[in-house]
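Single-structure report; data block below.
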Amino acid sequence: MKRDIIVCLKIIIILLCFLFPVASCAEESARINPLRYDYSSSLYWGYSATWNNEDLDATFQKFQDMPQSELQDMYDHPENWGKGWILFSVSPSWVDGVGNLGYFSTPEVLKEITGKYSNRGLLYYGNMSIENIRIDNSNEIGIYPYYYMQVLYNEDPDTDNSMISNEWVLEYVYKKADNPDDILEEKMRDICLYADVYVLQSDGFYTYKDVEISLNNIKKAQPLNKAAVSVRLNKAELCTEDDDPNLDTAYDIIYVDDELDRDTDDLPSYLYALELDISINDDISVTPYDYEEQPIEDSWVVFLEDESQETVWGPVKNAKLENYYLLTNKKLTDIRTGDLWLSFCTVHIQGKEWFNEIPFNIVIEISQEISGKAEAQKP
């Protein structure tokens, strides 16, 4: 009798192994757990900022299942759309450089997959890719995910060790008319994503199709402490075409980006070279984010360098921000604190990762003394 029971138990165990081997293996080998999300009313940030391409067909698949009419609307009326990110914890880990894992060669299939991301660098050199992200009812809810996830990593400049990460981020766009804040936040908790995962491990190359990722009960990220960042104008000098060649360059920037006619009176009358200080009273890091048209009409703060301004790692006190100029039709004596701001992106979610988050504006502090000195230099 006892022997019969043991035999029956063995048979049951064998049957269970045959019934559920794929699900168990996939669950252990590719786990994607959502951590938190955030969003903004702007499209112009993050790694998918290259969506603004003249060839619509070339980027049609970048936001999955997005109809051509909606894509065209996003190009023609970007103010109708916003963008967000979702942070995930992923297992197994992404590793920088398959050679560091002791592999003598990379499978051609992985080269083909990651080769699509060579312009981003990270995925191309790693052992893992998460792509073909999709939501079954994207058209119904007006939310469209980007077609792949971007890995986040912690840089350690003091070591030569390969970088390893378990954190990935996914961007998405949403139609603002269909998704005011309360509706969008409700929808986010109900979303179920699907993804294809490709992993090169020490014992082989694995493909996991249609991995289900539920966002049930996901939490919105805590708002950034913007009060921890302050910018102060220390000095402003009026420039002319005779003594500063940057005047022409600054005009070129707003001429190209804002489609102003250089042969009309639309261009600003004054160019001021600015000396700015930034202080960060928290363990956050920020990068000045391009230039922005200012709250006062026909005014721009422009950064005149070929390369982007370097990240400012906090906490820091009175770090210099150089090569910034103000183009405006106003005299500086007429400009007060609250009239100018500088845009930033945080460059961390947890730790010091590469990914630039949602941009935010910090008002530039302007003293009456600085304004008076600047205007006194006018020829």
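Values in this text are rule-based calculations from the coordinates and carry no lab data. Predicted model only: the values in this text are computed from it and were never measured. Here the Cβ positions follow ideal geometry from the backbone for every residue, glycine too, while neighbour counts run over all protein chains shown.
Distances between placed amide hydrogens fall under 5 Å for ILE284 paired with GLY314, all partners being 5 or more residues away or on another chain. When you count the other C-beta atoms within 10 angstrom of each residue and take the mean per peptide, 325-335, 34-44 line up highest first as 325-335, 34-44. Using R0 = 22 Å, the C-beta based FRET efficiency linking TYR44 and ASP339 works out to 0.50. Rounded to 0.05, the FRET efficiency of the ASN80 and SER202 pair, given R0 = 45 Å and the Cβ-Cβ distance, is 0.40.
On the basis of the beta-carbon distance and an R0 of 22 Å, SER89 and ASP136 show a calculated FRET efficiency of 0.40. The slack between VAL363 and ASP73, meaning 0.36 nm per residue of separation minus the straight C-alpha distance, is 101.2 nm. As a rough guide to protection, the peptides 225-236, 77-88 ranked by mean Cβ packing within 10 Å, highest first, stand as 77-88, 225-236. Between ASP298 and ASN216, full extension at 0.36 nm per residue minus the direct alpha carbon distance yields a gain of 25.0 nm. Extension gain, LYS176 to GLU237: 0.36 nm times the residue separation minus the Cα-Cα distance gives 17.8 nm. Between the amide H of LEU35 and those of LEU87, PHE88, SER89, distances stay under 5 Å, these residues lying 5 or more places away or on another chain, with hydrogens modeled in the peptide plane. Put simply, the amide H of ARG134, placed in the peptide plane, has neighbours under 5 Å in TYR194, leaving out anything fewer than 5 places away on its chain. Taking packing as the residue-averaged number of other Cβ atoms within 10 angstrom, the listed peptides 128-138, 194-204 run from highest to lowest as 128-138, 194-204. In order along segment 224-239, phi translates into HN-Hα couplings of 5, 7, 5, 5, 6, 10, 9, 10, 10, 8, 8, 7, 9, 10, 6, 10 Hz, rounded to whole numbers, per the Karplus curve 6.51 cos²θ - 1.76 cosθ + 1.60 with θ = phi - 60° and x for Gly and Pro.
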